[in-house]
Amino acid sequence: MSTASPRDKPIGVFDSGMGGLTVMRALMERLPHESFVYLGDTARLPYGSKSADVVTRYAVQCARALTAHDIKLLVVACNTASSTALPALTQTLAPTPVIGVIEPGAEAAIAAAPSGRIAVIATEGTVRGGAYSRAILARNPAARVTQQACPLFVALAEEGMTTGPIPELVAKQYLDAMLGEAKPECLVLGCTHFPALKETIARVAGPNVVLVDSAATTAKSVERLLGEKNIARESGTPEPPRFLATDAPERFARVGEIFLGRKIAGDSVELVDLQNL
């Protein structure tokens, strides 16, 4: 059993792949004294096309792998897992707190849209599941929510094509209909890959549409939760972030830099097997 103070324990973060590194980037910027360990289930991505039962099983395996690193809090940096697996994760990790990306995003969308006109862009699986709509309407039943799947944004982000004519044309193709007569007040970036294209999306959406970044809003919620639980680390130099991947650690390091915004050494990514967890 660890004798480390709860304040000094790391925060665990997981996603089906590397997009969740945008959440970790926001966490590291907002919580500079905290240590982090990130797991990308790169062998089994994407989660969006899989059944809720399978996603829940995978998510629990990821969480158990992270508990081996004595985490003090788990951040589910995956929209699909956040929408289907939070109850199971909360039960499995109790009393360790668990927080997902959808609820903070919905809360921020309500605050950014006084008239309730909210647009959500996400992957096909998240749009199909309607998790953002449910979370938004639970807070404001009068909200008018439109959704659009933007699967090419994922590929563009992973190729590092985040600005320029190609991503701008793709963004216009996806967003023009949403940004028509009933223009939304805010646009929720409902996939952890999408903040990598934030500059392009903002240009196409225009200055009067507030972008709600699920990464930034989740970081704020984590900061608040750490304070409520009295487990925030408020000073000192953190340990370097640790990375776990279930496949292709070299590619994880190379592509992950796009999302994390800093270099990831290839030998810093540990290959892990979740099958027996």
Considering the stretch 96-127 alone, what residues qualify as being over 17 Å from the mean Cα position of the chain (by Cα), small (Gly, Ala, Ser), outside any strand (DSSP E or B) and on the phi < 0 side of the Ramachandran plot? ALA111, ALA112, ALA113, SER115
Expected single match for among the β-branched types (Val, Ile, Thr), over 25 Å from ILE258 (Cβ atoms) and either at pLDDT 90 or above or surrounded by fewer than 22 Cβ atoms within 10 Å (Cβ to Cβ) (or both) among VAL145, VAL120 is VAL145
Mind checking whether some residue in the stretch 6-25 is out of contact with any helix residue (DSSP H, G or I) (no Cβ under 6 Å at 6 or more places or on another chain), assigned to a strand (DSSP E or B), touching a residue at least 60 places away in the same chain (Cβ under 8 Å) and not hydroxyl-bearing (Ser, Thr, Tyr)? yes
Within the stretch 1-19, work out how many residues are at pLDDT 95 or above and closer than 20 Å to GLU270 by Cα. 7
Quick check: is even one residue across the stretch 79-95 in contact (Cβ under 8 Å) with a residue 60 or more places away in the chain, farther than 29 Å from ARG251 by Cα, under 15 Å from the mean Cα position of the chain (by Cα) and buried (at least 21 other Cβ atoms within 10 Å of the Cβ)? no
What's the number of the only condition in (1) out of contact with any Cys (no Cβ under 8 Å at 6 or more places or on another chain); (2) aliphatic (A, V, I, L, M); (3) not assigned by TED's automatic domain parsing to the domain that holds ALA202 that ILE110 fails to meet? (3)
On the given criteria, is ALA131 free of Cβ contacts under 8 Å to residues at least 60 places away in the same chain, not hydroxyl-bearing (Ser, Thr, Tyr) and not assigned by TED's automatic domain parsing to the domain that holds GLY17? yes
Quick check: is even one residue across the stretch 41-61 assigned to a helix (DSSP H, G or I), crowded, with 23+ Cβ neighbours inside 10 Å and not β-branched (Val, Ile, Thr)? yes
Of all residues in the stretch 167-196 being more than 21 Å from SER16 (Cβ to Cβ) and buried (at least 24 other Cβ atoms within 10 Å of the Cβ), which is farthest from the chain's Cα centre (by Cα)? PRO184
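The values are calculated or read from the model by the stated rules, or taken from the named source; none is laboratory data. Please read all numbers here as calculations on a predicted model, not as lab measurements. Backbone-built Cβ (ideal geometry, glycine too); neighbour counts: all protein chains shown.
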